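A.B. asks: My questions will all concern the structure given below.
The values are calculated or read from the model by the stated rules, or taken from the named source; none is laboratory data. Just so we're clear, the structure is a prediction, and the values are computed from it rather than from any experiment. Because the Cβ atoms are built from the backbone with ideal geometry, glycine has one as well, and the counts that use them run over all protein chains shown.
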Amino acid sequence: MSDVNEREIKKLPTLRGKTVVNLFFEDSTRTRISFELAAKRLSADVINFAAKGSSVSKGESLKDTAQTLEAMGADAIVLRHGSSGSAHRLAHSGWVQSAVINAGDGSHEHPTQALLDAMTIRQALLIHPMGKDLSGKKVLIVGDISHSRVARSNLILLRALGAIVATCGPATLVPRSLEPNGGIYYSLDRAIEEFAPDAVLMLRIQSERMEASFFPTEREYSRVWGMNSARLSRLGDAAIVLHPGPMNRGLEIDAASADSSKSRILDQVQNGVAVRMAVLFHLLAGEKEGTR
Ligand code: CP
């Protein structure tokens, strides 16, 4: 799929006649647009649904909304929702027969983000995207782990691929229950020095999911846990920095780091289209059995 995106005509006829519905109850730039682009590049029809401006504001439920869209011919529903477990519920409730893809559910999971992150790390560390694994590679996930679906999906996937994954952040935002195989650090300086990561995944501070104060001030957070030029210079020569976006520049990552040669943030965005094409292809062009 990545190769298709390099061609002059970035289009395959594979999903002609199929309909993909982007069902987004939360805001999104990257995920929604890349799923739309992915579906269009596979020649599927796409319907974009945003809860804002829809009958959800009149009280319509997820079940009724999804069934309404399926009645119009949806073959796949790409769901982003603020409630953890919503995608699982829709996929396994029997409410719809369409394939259901989790595009981020609350603080729970964001599987396609983890897939594109793993692809980006493999590319950057010169492991073939379809190569064997990330055995022994060290990935440091930094920041608001508690509220991060990106962190949870990456912990599952990167460990499955053999990576050593450590978490880092303020004690108030780094749950011990996730038990990362590379350990937990409460200081980014110490994590860089002792863990010596091959890849550092900076996370967004998710203020919208916070009902309390988890760190003293933004300035303090940025000073202790933010990626900046000084920390960047202490990473290994081949080490890379990732961020799922959207970034709070100046808070979890400064502009110099985000725009540096070590940054793979735009590669992540680019790979997101290819990964989502692959997911749609797998679900809609393959066998029906076992596609959920
Ligand atoms: N990474 C990510 O999920 O970004 P969006 O919220 O813009 O989709």
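A.B. asks: Of the residues in region 231-252, how many are loosely packed, with under 14 Cβ neighbours inside 10 Å and in contact (Cβ under 8 Å) with a residue 24 or more places away in the chain?
C.D. replies: Number satisfying all stated conditions: 4.
A.B. asks: To continue, here is another question. Say we look at region 217-238 and pick out the residues that are out of contact with any Asp or Glu (no Cβ under 8 Å at 6 or more places or on another chain) and among the polar types (S, T, N, Q); which of these is farthest from the ligand (Cβ to nearest atom)?
C.D. replies: Ser233
A.B. asks: If you don't mind, another one. List every residue pair whose Cβ atoms lie under 7 Å apart, where the two residues are 6 or more positions apart in sequence or sit on different chains, the first residue falls within region 83-109 and is closer than 19 Å to Ala51 by Cα, and the second residue, located anywhere, is assigned to a loop (DSSP other than H, G, I, E, B) and among the β-branched types (Val, Ile, Thr).
C.D. replies: Leu90/Val96
A.B. asks: Given region 117-230, what helices (runs of 4 or more DSSP H) lie entirely inside it while holding 1 or more residues that are aromatic (Phe, Trp, Tyr) and either touching a Leu at 6+ places or on another chain (Cβ under 7 Å) or within 29 Å of Asp3 (Cα to Cα) (or both)? Break it down into steps so the answer makes sense when it comes.
C.D. replies: Numbers: elements: 149-160, 188-195, 218-225.
In region 117-230, 188-195, 218-225 are the helices (runs of 4 or more DSSP H) which contain 1 or more residues that are aromatic (Phe, Trp, Tyr) and either touching a Leu at 6+ places or on another chain (Cβ under 7 Å) or within 29 Å of Asp3 (Cα to Cα) (or both).
A.B. asks: Still on this structure, please answer the following. Would you be able to say whether some residue in region 255-272 is within 13 Å of the ligand (Cβ to nearest atom), out of contact with any strand residue (DSSP E or B) (no Cβ under 8 Å at 6 or more places or on another chain) and at positive phi?
C.D. replies: So far as region 255-272 goes, no, none of its residues is within 13 Å of the ligand (Cβ to nearest atom), out of contact with any strand residue (DSSP E or B) (no Cβ under 8 Å at 6 or more places or on another chain) and at positive phi.
A.B. asks: While we're looking at this one, here's another question. Can you find a residue that is of a type in the set (Gly, Ala, Ser), on the phi > 0 side of the Ramachandran plot and assigned by TED's automatic domain parsing to the domain that holds Trp225 anywhere in region 110-124? Can you show your working first?
C.D. replies: Taking region 110-124 and keeping what is of a type in the set (Gly, Ala, Ser), we get 114, 118, 124.
Applying the additional criterion that residues be on the phi > 0 side of the Ramachandran plot yields none.
No, region 110-124 has no match at all.
A.B. asks: Among the residues of region 120-140, are any under 22 Å from Val46 (Cα atoms), at pLDDT 95 or above, crowded, with 19+ Cβ neighbours inside 10 Å and within 13 Å of the ligand (Cβ to nearest atom)?
C.D. replies: no
A.B. asks: Against the conditions (1) within 16 Å of the ligand (Cβ to nearest atom); (2) not in a loop (DSSP other than H, G, I, E, B), where does Leu283 fall short? Just the number, please.
C.D. replies: Answer for Leu283: the failing condition is (1).
A.B. asks: Being within 16 Å of the ligand (Cβ to nearest atom) and not hydrophobic (A, V, I, L, M, F, W, C) is the filter here, so list the residues in region 239-254 that pass it.
C.D. replies: Scanning region 239-254 gives His243, Pro244, Gly245, Pro246, Asn248, Arg249, Glu252.
A.B. asks: Next question, about the same structure. Out of Ser86, Ser54, I need the residue that is farther than 27 Å from Asp198 by Cβ, at pLDDT 95 or above and of a type outside the set (Phe, Trp, Tyr). Which one? Explain how you work it out, then say what you get.
C.D. replies: Values: Ser54 fails: at pLDDT 95 or above.
After ruling out the rest, the residue left standing is Ser86.
A.B. asks: What pairs come up if the first residue lies in region 18-37 and is among the hydrophobic types (A, V, I, L, M, F, W, C), the second is within 8 Å of the ligand (Cβ to nearest atom) and not in a strand (DSSP E or B), and their beta carbons are under 6 Å apart, counting only those six or more places apart or on different chains?
C.D. replies: Phe24/Arg32
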